[in-house]
Amino acid sequence: MTGLVTAFGSGAMTNSIEDISNQAKAYFIIGSNTTEQHPVIGTSIRQAVKQRGAKLVLADPREIPIAEFATIHLKHRPGSDIALLNAMMNVIISEDLHDKTFIEERTENFDELKAAVEKYTPEYAEEITGVSAEEIRAAACLLATNKPSSLLYAMGITQHTTGHQNVLSCANFQMLLGNMGVPGGGVNPLRGQNNVQGACDLGCLVNVYPGYQKVEEEDKRDKFLAAWGKTSSLRNGLTVVDMLNAAETGKVKALFILGENPMMTDPDINHVRQCLKSLDFLVVQDIFLSETAQLADVVLPGAPFAEKDGTFTNTERRIQRVRKAIVPPGNARADWVIIRDLGKRLAKRMGLEDNPAPYAGWDYEHPSEIMDEITALTPIYGGINYDRIDDVGLPWPCPSSDHPGTTILHVGKFSRGLGKFSGVEWMPPVEEPDEEYPLVLTTGRVLYHWHGGDMTRRTNLELLYPEALVEINPQDAGSLSIEDGEMVTVSSRRGQVTAKAEVTERPLPGVVFMTFHFKEAAANLLTIAALDPVAKIPEFKACAVRVEKA
Ligand SMILES: Nc1nc2c(c(=O)[nH]1)N[C@H]1C(S)=C(S)[C@@H](COP(=O)(O)OP(=O)(O)OC[C@H]3O[C@@H](n4cnc5c(=O)[nH]c(N)nc54)[C@H](O)[C@@H]3O)O[C@H]1N2
Ligand SMILES: Nc1nc2c(c(=O)[nH]1)N[C@H]1C(S)=C(S)[C@@H](COP(=O)(O)OP(=O)(O)OC[C@H]3O[C@@H](n4cnc5c(=O)[nH]c(N)nc54)[C@H](O)[C@@H]3O)O[C@H]1N2
Ligand SMILES: [Mo]
């Protein structure tokens with residue numbers, strides 16, 4: 001889901017937290033609720049604005065906390081990012097503010113971009129985005145004249161059916177201004193989970209082996225075949241939502257779900273339930289009996305971060321140690337122990353026990369031995385071992401044991417050679433509001449809870465944010481005669497939930513916001529399982545709903 005490849009060949013933060021915090025003259029935050037969802041980075045940006053006068057352009061349909069620090073807040077309609085970015089680039093080119101030397105030396109395909117943004121005048125974009133042409137001009141000029149500027153994005157950019165085009169558009173923007181390969185610049189997707197970067201790096205994607213080595217490239221397949229004794233066929237696998245659809249049609253018969261709770265966090269939960277129920281066999285490995293685990297034939301009790309040794313790779317690509325501080329209770333075991341033991345038994349079944357491939361036997365006694373295997377097979381992790389990261393972690397690419405790690409990507413050269421501009425057209429979300437479902441629902445998170453609430457709702461955080469709220473603008477609340485604190489029903493073509501209304505200026509008129517943290521009013525009963533055809537990420541950030549008094 002999160003392994004989006006950009007115009008220059010990687011899907012990770014290009015810069016480090018330190019250089020972004022200290023050296024950016026300006027920030028462009030688009031689709032990231034940085035204060036609430038990435039509080040450490042959010043704090044350093046607030047400091048940069050307050051203490052050294054850095055400029056901040058925010059593009060977000062909601063009045064999120066960091067808006068208070070923004071020089072300009074572009075409150076655009078959900079799903080209108082490409083129109084907004086194209087118009088800003090239109091301004092930069094027509095005002096002759098683009099970085100001609102960078103474009104000439106480091107990029108290709110500029111003419112395609114130039115032609116594509118030509119029709120996106122600020123006036124045309126105003127119609128699509130709802131942001132005034134004047135503000136679009138001001139934001140573009142502010143970023144073009146305060147360099148280096150760092151672009152930061154998160155799920156407001158990716159969770160759309162045009163998610164991958166949105167990302168390309170962000171890359172276009174930063175290349176146009178020559179903000180790549182320099183401290184304080186870059187295109188920076190803020191990674192969500194503690195180890196989602198590590199999971200992507202090490203092959204938890206459908207088309208790559210560890211280190212983004214493509215399954216469809218024969219030499220890569222041969223390399224892993226020689227190391228493991230067995231590997232999948234030369235075909236890409238199915239992504240999450242596609243797997244569920246395949247379960248429904250009987251093409252997928254068994255699922256092993258590890259540390260994921262699709263009964264809360266996948267779009268269109270009623271459909272997810274139907275898909276999971278169609279399986280012959282469901283195994284869930286979790287630290288709690290989650291909504292998904294409740295449907296499983298077998299539940300394997302895993303141990304969470306504080307109860308195991310290993311590494312997490314954080315948002316700036318830094319591979320860091322985690323250490324066991326508590327002994328897991330009862331039958332719970334570290335995830336790697338459970339998987340190793342399953343792997344051993346499978347290897348035996350498949351006759352791989354005596355296979356001469358060095359890693360066919362699953363003989364690991366400690367996670368550091370797994371890291372040694374990763375190092376041997378994964379060039380970007382080639383210089384990592386537990387001794388080197390004992391004290392401070394290292395950021396990849398780190399190809400050899402004397403390499404210091406790489407804090408800034410694409411210095412002097414992109415990993416694909418030249419950075420490629422692409423002409424990107426705006427397209428509306430799949431489901432637009434109409435008479436029956438007149439409002440746009442956008443979903444996300446709050447500071448106090450984590451995803452399906454499975455972990456945070458067992459803690460005192462529940463006292464700080466105890467129930468689901470439906471944020472609705474006073475204008476819409478007024479026309480629906482809904483008062484603050486009143487119970488409302490929210491319905492979409494897929495389902496219905498009841499929750500308390502919070503009448504607030506935070507969302508734009510026409511937009512309602514809900515979190516997906518509460519099972520009593522699960523937002524994913526409402527969301528649509530429409531996917532970006534390339535990245536396969538669901539459109540969590542826009543669907544059509546109706547709100548009524550309950
Ligand atoms: N406390 C807490 N922190 C978390 C998490 C959590 O659950 N709780 N989850 C973690 C994870 S896995 C992730 S992925 C990150 C997510 O971090 P974020 O992506 O920052 O969080 P979201 O709330 O999903 O949405 C981000 C922003 O997108 C805006 N938005 C909605 N629609 C659009 C749009 O069309 N365009 C633009 N430009 N913006 C839009 C929303 O108003 C919101 O401010 O947070 C991580 N951090
Ligand atoms: N409507 C809407 N839906 C969304 C999103 C949105 O913005 N809007 N965001 C999407 C995004 S970006 C994300 S990342 C997903 C998150 O979706 P999920 O990954 O499904 O959510 P989590 O609640 O983080 O974790 C799932 C499970 O992992 C378990 N767990 C925690 N630690 C461990 C461990 O160490 N070992 C094991 N085995 N299990 C563990 C938890 O108990 C929990 O049941 O949600 C997605 N869904
Ligand atoms: Mo995420």
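The values are calculated or read from the model by the stated rules, or taken from the named source; none is laboratory data. Quantities reported herein were computed from a predicted structural model and do not represent experimental measurements. In this analysis, Cβ positions are derived from the backbone assuming ideal geometry, glycine residues included, and neighbour counts consider all displayed protein chains. Note: areas computed on protein heavy atoms with side chains; ligands, DNA, RNA excluded. Shrake-Rupley method; radii C 1.70, N 1.55, O 1.52, S 1.80 Å.
General observations
- If you go through the stretch 442-459 and keep only what is in contact with a His (Cβ under 8 Å, 6 or more places away or on another chain) and in a loop (DSSP other than H, G, I, E, B), you end up with Arg445, Val446, His449, Trp450, His451, Gly452, Gly453.
- Boolean, Met455 is open to solvent by 70 Å² or more (accessible area, probe 1.4 Å), within 27 Å of the chain's Cα centre (by Cα) and closer than 30 Å to Val167 by Cβ: yes
- In a residue-by-residue description of the stretch 346-354, the property of being open to solvent by less than 40 Å² (accessible area, probe 1.4 Å), in contact with a Gly (Cβ under 7 Å, 6 or more places away or on another chain) and modelled with pLDDT of 95 or more applies to no position.
- Considering the stretch 16-67, and only residues there that are part of a helix (DSSP H, G or I) and within 16 Å of ligand 2 (Cβ to nearest atom), the residue that is farthest from the chain's Cα centre (by Cα) turns out to be Glu36.
- Selection status of Leu58, within 21 Å of Gly11 (Cα to Cα) and within 16 Å of ligand 1 (Cβ to nearest atom): no
- The set of residues in the stretch 291-315 being in a loop (DSSP other than H, G, I, E, B), more than 30 Å from Ile384 (Cα to Cα) and of a type outside the set (S, T, N, Q) consists of Glu291, Ala296, Asp297.
- Annotation: Val547 fulfils all but one of (1) among the β-branched types (Val, Ile, Thr); (2) open to solvent by 10 Å² or more (accessible area, probe 1.4 Å); (3) not in a loop (DSSP other than H, G, I, E, B); the unmet one is (2).
- Of all residues making up the stretch 134-164, the number that are within 12 Å of ligand 1 (Cβ to nearest atom), part of a helix (DSSP H, G or I) and touching a strand residue (DSSP E or B) at 6+ places or on another chain (Cβ under 8 Å): 4
- Note on the stretch 170-191: among residues that are open to solvent by less than 10 Å² (accessible area, probe 1.4 Å) and within 11 Å of ligand 1 (Cβ to nearest atom), the one that is nearest to Glu112 (Cα to Cα) is Cys170.
- Scope the stretch 55-66; condition open to solvent by less than 40 Å² (accessible area, probe 1.4 Å) and within 17 Å of Leu143 (Cβ to Cβ); matching residues: Leu56, Val57, Leu58, Ala59, Asp60, Ile66
- A single member of Gly510, Gly423, Gly495 is within 15 Å of ligand 1 (Cβ to nearest atom), in contact (Cβ under 8 Å) with a residue 60 or more places away in the chain and not aliphatic (A, V, I, L, M), and it is Gly510.
- Taken together, the residues in the stretch 236-256 that are of a type in the set (Val, Ile, Thr) and modelled with pLDDT of 95 or more amount to 2.
- Residues of the stretch 388-407 classified as open to solvent by less than 30 Å² (accessible area, probe 1.4 Å) and touching a helix residue (DSSP H, G or I) at 6+ places or on another chain (Cβ under 8 Å), total: 2
- Gly237 on the phi > 0 side of the Ramachandran plot and surrounded by fewer than 20 Cβ atoms within 10 Å (Cβ to Cβ): no
- Filter pass, Leu394 being away from ligand 2 (no atom under 16 Å from the Cβ), under 28 Å from the mean Cα position of the chain (by Cα) and touching a residue at least 40 places away in the same chain (Cβ under 8 Å): yes
- Test: residue in the stretch 225-245 that is within 16 Å of ligand 3 (Cβ to nearest atom) and not hydroxyl-bearing (Ser, Thr, Tyr): yes
Listed here are the residues, each with its yes/no results for (1) in a helix (DSSP H, G or I); (2) open to solvent by 60 Å² or more (accessible area, probe 1.4 Å).
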{"site": "Ala325", "(1), (2)": "no, yes"}
{"site": "Arg340", "(1), (2)": "yes, no"}
{"site": "Lys344", "(1), (2)": "yes, yes"}
{"site": "Ala360", "(1), (2)": "no, no"}
{"site": "Ile370", "(1), (2)": "yes, no"}
{"site": "Thr375", "(1), (2)": "yes, no"}
{"site": "Ile384", "(1), (2)": "no, no"}
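- Consider the stretch 276-290 and keep the residues that are assigned to a strand (DSSP E or B) and within 25 Å of the chain's Cα centre (by Cα). The one that is nearest to ligand 3 (Cβ to nearest atom) is Asp286.
- If the condition is being assigned to a loop (DSSP other than H, G, I, E, B), over 28 Å from Gly417 (Cβ atoms) and touching a residue at least 40 places away in the same chain (Cβ under 8 Å), then the stretch 177-233 contributes Gly192, Asn194, Asn195, Gly229, Lys230.
- Pro433 under 30 Å from Leu480 (Cα atoms), away from ligand 1 (no atom under 16 Å from the Cβ) and out of contact with any Phe, Trp or Tyr (no Cβ under 8 Å at 6 or more places or on another chain): no
- Some residue of the stretch 29-49 being acidic (Asp, Glu) and under 17 Å from Pro148 (Cβ atoms): no
- Some residue of the stretch 63-72 being away from ligand 3 (no atom under 16 Å from the Cβ), without any contact (Cβ under 8 Å) to a residue 24 or more places away in the chain and of a type in the set (S, T, N, Q): no
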